[in-house]
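Enquirer: One structure, pasted below without further comment.
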């Protein structure tokens, strides 16, 4: 089984080989750089996927894409895939940075007349706020990646892009880009592996949930074998109506979407659900999860941090929010956080208000797993 350090070493080998034996046709290879969100960036050479341009556009009729990815290396890769790949078709790609989301972007998008959107779920949503209804009506396809797609986000995007076909792609830069794709029959966050990709679950629990392992060719004779990619999921059984048998259900990034703590599971999706229902006194939130020893007993600790337009609030309001939130958020299928606090498995929820707005980058991360206290 390969870990992140093994893939980083593989990246160094691939770059060394690329220097010693450069390709006759450079566009058949891509040097990829990870974002560094979950550790030190990995730089790795990979072969070019000839199906990438069509997968990027999602529709043979689409010629003008907007890429909502964020990092410089990813934006450059999207442009090069669209313009310089081994294919006759040339796509136009407007690669946005989060800093491009300013007032005059609406006019630029109207002039550009995009036909497709591709990128991180939260970044796409933020970009739609700068797109007129007329421009949105012309979007034929939207392809989402990089984050779990929540029910509310999917509903919002479908409402803003009524004429678009919606899809998701499961990608990882250090694993050579695309790993799996959602077909028209699958629910959100479920994918079929792309050709030459094998996905399995390491040490699944009673519900079949565990770490996702990826195997695939990467660069010339090099490949990744059973690489623990850092995501959590399960393999769904049964043949899909599209004819494919292997289906991965993605549950999220380990430590930021899906956290095991004190024998229980904290899921970002559940906190998003409850936040939309009960958090009236906030504009944004973050959750910090950790374990702590209290009198020799390991307990879970959850801190809910809120931002509300820079306002300061009373201790009484924080306690009221903590009580309401604890009774609404489910940690197990049948028990709320309040139930687990009563059983002595978790400390009472702590609510804190921040006077400073939370920094927002190209990925929308709200759940943070902290070291044991």
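Enquirer: Show me, bin by bin at 10 Å from 0, the whole-percent P(r) of the range 82-165 based on Cα pairs.
Expert: Whole-percent P(r) values from 0 Å outward: 16, 50, 29, 5.
Enquirer: Among 192, 118, 327, rank each residue by its count of other Cβ atoms within 10 Å, from fewest to most, as a rough exposure measure.
Expert: Working: 192 21, 118 26, 327 15.
Taking fewest neighbouring Cβ atoms as first place, the list is 327, 192, 118.
Enquirer: Which percent, to the nearest 5, of DSSP beta bridges fully inside the chain are antiparallel? The partial results should precede the final answer.
Expert: Numbers: 47 of 75 bridges.
Counting DSSP beta bridges with both partners in the chain, the antiparallel share is about 65 percent.
Enquirer: Can you divide the C-alpha Rg of the range 241-359 by 2.2 N^0.38 Å and report the result to two decimal places?
Expert: With N residues counted in the range 241-359, Rg over 2.2 N^0.38 Å equals 1.20.
Enquirer: Sticking with this one: Ranking 132, 215 by Cβ neighbours within 10 Å, fewest first, what do you get?
Expert: Values: 132 11, 215 18.
The fewest-first ordering by Cβ neighbours comes to 132, 215.
Enquirer: Kindly state, to the nearest 0.05, the FRET efficiency for residue 223 paired with residue 152, given R0 = 41 Å and r defined as their beta-carbon distance. Before the final figure, lay out each step's value.
Expert: Working: r = 39 Å, r/R0 = 0.94.
That pair, residue 223 with residue 152, gives E of 0.60.
Enquirer: OK, next. How high is the relative contact order of the chain, in percent, counting Cα pairs under 8 Å that sit 6 or more residues apart?
Expert: Numbers: 734 pairs, mean separation 45.6, N = 373.
Normalised by residue count, the contact order of the chain is 12 percent.
Enquirer: Still on this structure: Considering the Cα trace of the range 152-278, what is its radius of gyration and what is Dmax, both in angstroms?
Expert: Looking at the range 152-278, its Cα Rg and Dmax stand at 15.9, 54 Å.
Enquirer: Got the relative contact order for the range 258-369 handy, in percent, Cα pairs under 8 Å and 6 or more residues apart? Walk me through the numbers on the way to the answer.
Expert: Working: 180 pairs, mean separation 36.8, N = 112.
Reported relative contact order: 33 percent.
Enquirer: I want to check the label-to-label distance for residue 108 and residue 1. Put each point 7 Å from Cα in the C-beta direction and report it in nm to one decimal.
Expert: Between residue 108 and residue 1, the label points sit 4.4 nm apart.
Enquirer: Would you mind computing Rg(Cα) / (2.2 N^0.38 Å) for the chain, counting N as its residues?
Expert: Working: Rg = 21.8 Å, N = 373, 2.2 N^0.38 = 20.9 Å.
Dividing the Cα radius of gyration by 2.2 N^0.38 Å gives 1.05.
Enquirer: Going by how many other Cβ atoms sit within 10 Å of their own, how do 2, 65 line up, fewest first?
Expert: Values: 2 18, 65 27.
Lowest count first: 2, 65.
Enquirer: Next question. In deg cm²/dmol, rounded to 500, what helix-only [θ] at 222 nm does the chain give when every DSSP H run of at least 4 residues adds -39500 (n - 2.57) and the total is split over its residues? Intermediate values should be presented prior to the final figure.
Expert: Working: 10 runs with 98 residues, N = 373.
After summing the helix terms and dividing by residue count, I get -7500 deg cm²/dmol.
Enquirer: Quick one: check the C-alpha center-to-center distance for the range 304-318 versus the range 241-259, whole angstrom.
Expert: Cα centroid to Cα centroid, the span is 35 Å.
Enquirer: Relative to the present Cα-Cα distance, how much length would full extension add between residue 24 and residue 350 at 0.36 nm per residue of separation? Numbers along the way, then the final one.
Expert: Details: separation 326, 0.36 × 326 = 117.36 nm, distance 5.97 nm.
My answer for the length gained is 111.4 nm.
Each value in this text was obtained by applying a stated rule to the coordinates, not by laboratory testing. The structure displayed is predicted, hence computed values, not measured ones. Heads up, the Cβs are rebuilt from the backbone with ideal geometry, glycines too, and the neighbour counts pull from every protein chain shown.
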